[in-house]
Amino acid sequence: MIRKLKKRSLTMSIACALALTITPSYYRCAYGAESDSEQQDEIYQLPAVTVEAPRPEWESKLSPGTVSIVRPEDFKGEQKTLPELLKRVPGVHINELTGTGQYTVASVRGSTAAQVGVFVDGVLTKLGGDAASDLSMIPVENVERIEIYRGYIPARFPGTWMGGVINIVTKKPQKTGISLTQGMSSYGGYTGSFGMNSPLGDGSLFVGVNRDQSQGNYKYTFYDSDISRNRLNNGYQKTDVLVKWQDDNWQVKYAWKRNDRGLPYHVLNENYDNPAYWGSKQPSKKLQTDQSDVLIGRRQTVGNLEWGWRMTYMDQEKNYKNPWGNNALFGKWSRYQSQRLGGALDGSFKAGDNHLLEFAVNYSHEDLDVNGTGMTLPSYAWVKHHYTQTLADAQLQDTITLNKAKDFWFTPSVRWNYSGGLGQANTGGLYWIKAIQENTDSKFTWQTALKKKVDDHYTMRATYGTYYRFPNLYELIGDGAFILPVSPTNTVHAAPAGPENGTQWDVGVQWQGEMLKAKSDWSLTYFGRHSENMLELYRMGLTYMSYVNGGEGRVNGVELEGKLNWERWDLDLSATYMQSKDLQRYKKMYYLYPNGNYGNSLENFAPKWEGLLRLTYRFLGERTSVFSEVRYVGETNVDDEVDWTTAYTTVGLGVKHQFTKNTRLTVGVNNMFNKVPYWKTLQQPTGYEPWYAYGTMKYPLAGRTYYATMQWDF
């Protein structure tokens, strides 16, 4: 009954907001400067939903390659998380691997999640003990913009990221003010935030506190049946704090976050989410993550040299508890404690009229301690309990102006990367597992870019480069328990597991101008990547898995990004077509494909087709706007063209209304037609034609979701 009342109240909020839009007083014109007369109405302007063309000059200097910008402020009140904001970027696919609100990663241009670098203010978020960056852990309430780089990666980001880089830039302290946000959504969802800007000393101070929580018990229906369940043990509570002080030279930042969430069971057995079957609701598996980040940095300009340095420290602790577990290794509980200390020096030097040199040097050292059920028992003395990882790199990039008109640029760059990892146990285990196991490697890579501004409308660009990705600690050494290195005598997986390497390229054109009487900004890019020694997690036995050499593959695709801005209408469009091909397999496939998987799609968890369209209308007076989003995700291969998720389309609708200069309400519904993907499995029985069987995903996604948010700015 409570759930029904909440849903009804949200629906009534949407109806009320729509009714307000037809009130005559809201149709008064509000353009131009404020009148001196106290009788004149104040100007109410909702922030633009899309980036207005032409783009600001600083955006074009972010990278000579393909880069997209997303500003969370444009979607304020819509309760969009980082994964939801990234879904609007072409070439980026979001994988919610264990369901809505749970572990979520990004694939860029068909890459794996481990091949994507995720940074906050230029600092890498992924630790060596993480397989990939969990996007559901990164808050966006205190974020100014999100930069998404594909292909060419600027010198200021350490590492050689095969897919791309996502850089999250937190808000800079600016004018004095306070903002408050309160929101609610379906499935017991609540969001609340507080932000304050204030002058302090010679600079400004920003303080942001946010809370996001949900019971997460959304409904799902088993495929082709009337069986319906509430998703259990899927709730979460996320809290984060950001304190940032900045002046013309110095920056000091402290960030803290806690993510306390349940870990849902898979639903292939329908009784996992059936309390009646167990006699009561199952106790939830829990994962609590606490993380603190400190950054101190300074930037300055001396003549033609602009440079800066920063020191960073990260402390993270993950605690896992399973009330259903046993006393075996990691059965009931485990704890992962990480500390990372890093430093960076970077800058740019203008050498004459035709050269802009950019350089960067980065260093970090990380320690990881592992503990869990049974770790002190002699039978588990061979399990690795301590890890270290050291990363270092140096990069040099030169932007060379090639002509007198200063509209043709050539940008080569070279980088050197080093990685050292060590795993330590009390004693040796299996004959190929040492008590102390160390791996070190270093490599030079390079990349180039050409960019030509043809006229006031057209800009052409092309990039090409090499990459060489070092495996992380899990991939190098394993976790000592469930993930182990491959035995050197294993004849099936004799090829070395990584490092991954290859080449990438893209060519593109950007057009800015007037189209259909609208300010327009369009970008079209054709890209390709060739990869060797791709790392792949593979089950080696009944009790453990290993990262093995997945062989050689190729990805090609097209990205389209467009924006049209009329006086009252905004249209935002992104689309991706991508095709991948498995060129060679080192591992021998004995299931379904005895001769290997050559020629099939890569297991990159990315669809061939994906797109998003957003349309916004602002009513006269700028107080009220209505928006709609349509998103399409095509069939997605998740296992050697044996297992797929089906294609689906979602439609969202929302309204924003500004009551006063400082107060705004946003209400809406996501996935209003309740569309979700299902599982599709190839069946190939002996003597019969192959066919597909369909079923419910192990971790189903949420369907229709209502939300409402109030904002106050003072």
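Checking the condition part of a strand (DSSP E or B) and either more than 29 Å from residue 225 (Cβ to Cβ) or of a type in the set (Gly, Ala, Ser) (or both), which residue from 630, 638, 669, 626 passes?
Numbers: 630 fails: either more than 29 Å from residue 225 (Cβ to Cβ) or of a type in the set (Gly, Ala, Ser) (or both); 638 fails: either more than 29 Å from residue 225 (Cβ to Cβ) or of a type in the set (Gly, Ala, Ser) (or both); 669 fails: either more than 29 Å from residue 225 (Cβ to Cβ) or of a type in the set (Gly, Ala, Ser) (or both).
626 is the lone residue from the list that is part of a strand (DSSP E or B) and either more than 29 Å from residue 225 (Cβ to Cβ) or of a type in the set (Gly, Ala, Ser) (or both).
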Item to complete: With the checklist (1) at pLDDT below 95; (2) over 26 Å from residue 630 (Cβ atoms); (3) crowded, with 20+ Cβ neighbours inside 10 Å in hand, flag the one item residue 601 doesn't pass.
Response: (2)
Discussion item. Among the residues of the range 423-443, are any surrounded by 20 or more Cβ atoms within 10 Å (Cβ to Cβ), among the hydroxyl-bearing types (Ser, Thr, Tyr) and touching a residue at least 12 places away in the same chain (Cβ under 8 Å)?
Written reply: no
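Being assigned to a strand (DSSP E or B), under 28 Å from the mean Cα position of the chain (by Cα) and surrounded by fewer than 20 Cβ atoms within 10 Å (Cβ to Cβ): is that true of residue 337 here?
Values: assigned to a strand (DSSP E or B): yes; under 28 Å from the mean Cα position of the chain (by Cα): yes; surrounded by fewer than 20 Cβ atoms within 10 Å (Cβ to Cβ): yes.
Answer is yes for this residue.
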Worksheet item: Could we say that residue 232 is farther than 30 Å from residue 447 by Cβ, surrounded by fewer than 16 Cβ atoms within 10 Å (Cβ to Cβ) and modelled with pLDDT under 95 here?
Response: no
Worksheet item: Counting just the residues of the range 531-573 that are in a strand (DSSP E or B) and of a type in the set (Val, Ile, Thr), which one comes out farthest from residue 88 (Cα to Cα)?
Response: 548
Discussion item. Being out of contact with any helix residue (DSSP H, G or I) (no Cβ under 9 Å at 6 or more places or on another chain), surrounded by 15 or more Cβ atoms within 10 Å (Cβ to Cβ) and assigned to a loop (DSSP other than H, G, I, E, B) is the requirement here; does residue 406 meet it?
Written reply: no
Worksheet item: How many of the residues in the range 538-557 are surrounded by fewer than 16 Cβ atoms within 10 Å (Cβ to Cβ) and of a type outside the set (Ser, Thr, Tyr)?
Response: 4
Worksheet entry | Filter result (outside any strand (DSSP E or B), farther than 16 Å from residue 428 by Cβ and in contact with a helix residue (DSSP H, G or I) (Cβ under 9 Å, 6 or more places away or on another chain)) within the range 347-390 | 374
Practice prompt. Looking at (1) among the aromatic types (Phe, Trp, Tyr); (2) without any contact (Cβ under 8 Å) to a residue 60 or more places away in the chain; (3) crowded, with 22+ Cβ neighbours inside 10 Å, find the lone condition where residue 527 falls short.
Written response: (2)
Practice prompt. Could you list all residues from the range 673-710 that are of a type in the set (Lys, Arg), touching a Phe, Trp or Tyr at 6+ places or on another chain (Cβ under 6 Å) and in contact (Cβ under 8 Å) with a residue 40 or more places away in the chain?
Written response: 680
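Suppose we keep only residues that are of a type in the set (S, T, N, Q) and surrounded by 17 or more Cβ atoms within 10 Å (Cβ to Cβ) within the range 606-635. Which one would you say is farthest from residue 569 (Cα to Cα)? I'd like the intermediate steps shown before the answer.
Of the residues in the range 606-635, the ones of a type in the set (S, T, N, Q) are 616, 624-625, 628.
From the residues that got through so far, the ones that are surrounded by 17 or more Cβ atoms within 10 Å (Cβ to Cβ) too are 616, 624-625.
Working: 616: 6, 624: 12, 625: 9 Å.
So, considering only residues that are of a type in the set (S, T, N, Q) and surrounded by 17 or more Cβ atoms within 10 Å (Cβ to Cβ), the one farthest from residue 569 (Cα to Cα) is 624.
The values are calculated or read from the model by the stated rules, or taken from the named source; none is laboratory data. Everything numeric here is computed off the predicted structure, so don't read it as measured data. Glycine gets a Cβ as well: all are built from the backbone with ideal geometry, and neighbour counts include every protein chain shown.
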